[in-house]
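Structure first, commentary second.
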Number of protein chains: 2
Amino acid sequence: MYVAEALGLSKPAAEKLKEKNVLKEAFIKHPFFPDVIDAVRFDKRFAGLEEGTVVAKTIHGVEVVHGFPKIRRALTLYPTIKLHFKGEIVFEEKMNGYNVRIVMFGKNLYALTRRGFICPYTTEKARELINESFFKDYPNLMLCCEAVGRYSPYVPKDVYGVDFDFYVFDVREKRSGKPLPVKEKEKICEEYGLNLAPILAQCKAEEGHVVGRRVVEELEGSGREGVVIKDVNMVVEPIKYTTSETNCNDLSYAFRYFNEYGKDFMFSRIVREGFQSFEFDDEEKFRERCFRLGKAILESLVKSIKDVSEGRRVVERVELIFSSFETFELFTEHLKRSGVNFEVVELKKRGGKVHAVIDRVMKSTTDKIKSHLGGALW
Amino acid sequence: MYVAEALGLSKPAAEKLKEKNVLKEAFIKHPFFPDVIDAVRFDKRFAGLEEGTVVAKTIHGVEVVHGFPKIRRALTLYPTIKLHFKGEIVFEEKMNGYNVRIVMFGKNLYALTRRGFICPYTTEKARELINESFFKDYPNLMLCCEAVGRYSPYVPKDVYGVDFDFYVFDVREKRSGKPLPVKEKEKICEEYGLNLAPILAQCKAEEGHVVGRRVVEELEGSGREGVVIKDVNMVVEPIKYTTSETNCNDLSYAFRYFNEYGKDFMFSRIVREGFQSFEFDDEEKFRERCFRLGKAILESLVKSIKDVSEGRRVVERVELIFSSFETFELFTEHLKRSGVNFEVVELKKRGGKVHAVIDRVMKSTTDKIKSHLGGALW
């Protein structure tokens, strides 16, 4: 099998890979993906390869795209930053979108989601927005980007004033996942006219908790998510830290769809708020945080209960703009194969584009609420 | 084995019981329990027998004490009450303590916790506070009580103005668990001078949501827990409903000891608040509830983080008053065998009684906080 060969796996390792059912389909065979014959993604970590790693058999040969590593989180700025890093660090904005790796296979760009799906919508946008010449000059590198905007299929946000765009936060070796130093990334992005995730501050690791506090407090309330703290040389692994607003937005989202969401997701965000409150709050800020936290949770719960009580289903609505009907069809097929329960509620052509409104139906939450509103006991 | 025999289990059933590891030790052999030779408790449901069912080999024969059944919960008063019940119902106060079954084995009273442990402390109190003649007249019945008070080993609360007392909420057949109708229970308790869990209202099932709403709103803010709604004939199974204060107190408790507690526990209480808010709240009450919920969670988290940051461990402190040193020793042995990590921080004799202050040490929460305060990543 081409995967084991491409990764240089021993026979027993190759068998284990199969046995553990690590590999899943990563794409839909379609002329929109003309270079790819077959592609699989790693559904979990395996033998040092991150979840989301993709191995693609293309008409030009086999490609390995390393998964984007999980970035661990600081619960306190002090002493975490100071202990974790040495020397110069930067606070880069953690933008609020979804993680995409953009690569070139043969003559075309491909956009891979965090989990390793080749997403038709994101790929279409990458081909329209990203300067290809970067990949011709650096065939072994990939762009790790945040895909943000109001017309996002996964994380629609109106924070950045864009319909849809990519912001590069890392340039990495495609095969190994090894990142370039911050300065080199900046230089490359400038050279090829690529958007950069903003760097908000730079300082010595020892002052990180002071500078970090200021940066996070400035982001607070603006809808922006938080920071990724990076060693300028990218030798030490980055860590992340988010605003209270983001923690609360996550909770708001999770409790809106409370029966589709993992309890671990909710729990971890609540505990984060506890640590941040301990580190940041005076009495007044504490009271504000209590209300913000409670409201994030309750408002969402009540909204979903109201929706169902009034005969509606609990849905997450996204609005997307496709450049062709073909990508629209391909994207809905992609959603189907990803196991998403959705409904296209609006579809129209406007100025050569295809505008679609798609509701992701949260069946489990809807059914749970319906049953309790109908008198079912817990 | 006496258990299989007492329950009339077939040979395959008896083997399954063993294989599934359902039975656990229910008591400590000791002269304080003079009637009991051996006793086991059901650690999970088995063949129609509730978790907490106890089979005891006593010097007078084998006794079977049925486990107290799980009472399911309404998430909305309407239409749940109306659909669940027919005819007359009562709203009985759900007191805030722990569930105890009091039985007589031979010549002595024994108090069994919900899970089926014969608790030395609770047994001592039962022998002092409960009128034995009930059991002489009704050897086949048991008293199902809430054990409440400030000197409670499991749920210390100062709500009822008592040091420690029992309030009967059900009288049931010991062996089958079958409950007496509400009126008969009341008559018996009056006859034998037993405290009753207060009945707060009675009405027809169809009006239950209106009456229930009033009762719950009256309890709100008083520290009292909620209601158990019962068919007066006890033919339909009871259901429970709690105040927002109780949901928040539970959350407060769970987040104080957040790493020892199950995420399901937290999640279910948050969702309850959502349904109650939907059914009860106007805009102002909603805002109050947001703050109450957020504060319940955050205050506890921050308190525990502060404790650890100042070098203390996260503990739950209880104060107990034993009538003899023997029961104190037996109780601490009982805690040990239950796997509780505790420390006796004070012990003194006062007026013939033994006063003890015991800290239950929450090691997992303490360690987790310590590690993050020390800079560990999540």
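A compact table of results
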{"item": "Hey, A:Arg317 away from chain B (no Cβ under 14 Å), out of contact with any Pro (no Cβ under 7 Å at 6 or more places or on another chain) and either crowded, with 17+ Cβ neighbours inside 10 Å or closer than 19 Å to A:Leu251 by Cα (or both) or not", "result": "yes"}
{"item": "Criterion (among the basic types (Lys, Arg) and under 30 Å from A:Val216 (Cα atoms)) met by exactly one of A:Arg41, A:Arg45, A:Arg72", "result": "A:Arg72"}
{"item": "Segment A:198-208: number of residues that are buried (at least 16 other Cβ atoms within 10 Å of the Cβ) and within 16 Å of A:Glu218 (Cβ to Cβ)", "result": "5"}
{"item": "Which numbered condition B:Pro12 misses (of (1) at pLDDT below 95; (2) part of a strand (DSSP E or B))", "result": "(2)"}
{"item": "Complete set of residues in segment B:51-93 that are charged (D, E, K, R) and in contact with a strand residue (DSSP E or B) (Cβ under 7 Å, 6 or more places away or on another chain)", "result": "B:Glu51, B:Lys57, B:Glu63, B:Arg72, B:Arg73, B:Glu88, B:Glu92, B:Glu93"}
{"item": "Any hit, segment B:226-240, residues being farther than 20 Å from A:Gly294 by Cβ, within 13 Å of another protein chain (Cβ to nearest Cβ) and basic (Lys, Arg)", "result": "yes"}
{"item": "Residue list for segment A:322-342, restricted to those being more than 23 Å from the chain's Cα centre (by Cα) and surrounded by fewer than 15 Cβ atoms within 10 Å (Cβ to Cβ)", "result": "A:Ser324, A:Phe325"}
{"item": "Output for segment A:278-303, where each listed residue is among the aliphatic types (A, V, I, L, M), within 11 Å of A:Leu251 (Cα to Cα) and at the interface with chain B (Cβ under 7 Å from one of its Cβ atoms)", "result": "A:Leu293, A:Ile297, A:Leu298, A:Leu301"}
{"item": "Flag for A:Val159 being outside the structural domain of A:His355 (by TED's automatic domain parsing) and surrounded by fewer than 16 Cβ atoms within 10 Å (Cβ to Cβ)", "result": "yes"}
{"item": "Where B:Gly87 falls short, out of the listed (1) closer than 20 Å to B:Met234 by Cα; (2) assigned by TED's automatic domain parsing to the domain that holds B:Lys11", "result": "(2)"}
{"item": "Residues of segment B:159-184 that turn out to be free of Cβ contacts under 8 Å to residues at least 40 places away in the same chain and farther than 18 Å from B:Ala111 by Cβ, as a count", "result": "3"}
{"item": "Check on B:Lys204, of a type in the set (Lys, Arg), under 27 Å from B:Glu50 (Cβ atoms), out of contact with any Lys or Arg (no Cβ under 6 Å at 6 or more places or on another chain) and modelled with pLDDT of 95 or more", "result": "no"}
{"item": "Of residues in segment B:73-99 being of a type in the set (Val, Ile, Thr) and buried (at least 23 other Cβ atoms within 10 Å of the Cβ), the one farthest from B:Ser244 (Cα to Cα)", "result": "B:Ile89"}
{"item": "Where B:Gly351 falls short, out of the listed (1) at the interface with chain A (Cβ under 9 Å from one of its Cβ atoms); (2) at pLDDT below 95", "result": "(1)"}
{"item": "Members of segment B:280-334 found to be free of Cβ contacts under 8 Å to residues at least 12 places away in the same chain and closer than 30 Å to B:Glu25 by Cα, listed by number", "result": "B:Glu329"}
{"item": "Qualifying residue in segment A:257-270 (condition: closer than 22 Å to B:Leu251 by Cα, more than 12 Å from chain B (Cβ to nearest Cβ) and modelled with pLDDT under 95)", "result": "yes"}
{"item": "So A:Asp359, is it crowded, with 16+ Cβ neighbours inside 10 Å, more than 12 Å from chain B (Cβ to nearest Cβ) and not aliphatic (A, V, I, L, M)", "result": "yes"}
{"item": "Check on A:Arg73, of a type in the set (Lys, Arg) and touching a Phe, Trp or Tyr at 6+ places or on another chain (Cβ under 8 Å)", "result": "yes"}
{"item": "The listed residue being facing chain B (nearest Cβ under 7 Å) and more than 19 Å from B:Ile270 (Cα to Cα), out of A:Phe275, A:Phe331, A:Phe322", "result": "A:Phe275"}
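For (1) within 10 Å of another protein chain (Cβ to nearest Cβ); (2) of a type in the set (A, V, I, L, M), each residue gets a yes or a no:
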position	(1), (2)
A:Thr58	no, no
A:Val65	no, yes
A:Lys70	no, no
A:Ala74	yes, yes
A:Tyr78	yes, no
A:Lys82	yes, no
A:Phe85	no, no
A:Phe91	no, no
A:Lys94	no, no
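For every residue, the table says whether it meets (1) under 21 Å from A:Pro198 (Cα atoms); (2) hydroxyl-bearing (Ser, Thr, Tyr); (3) modelled with pLDDT of 95 or more.
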| position | (1), (2), (3) |
| --- | --- |
| A:Gly97 | yes, no, yes |
| A:Val103 | no, no, yes |
| A:Lys107 | no, no, no |
| A:Leu129 | yes, no, yes |
| A:Pro181 | yes, no, yes |
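The values are calculated or read from the model by the stated rules, or taken from the named source; none is laboratory data. Since the model is a prediction, treat every value here as computed from it, not as a measurement. Virtual Cβ from ideal backbone geometry, glycine too; neighbours counted across all protein chains shown.
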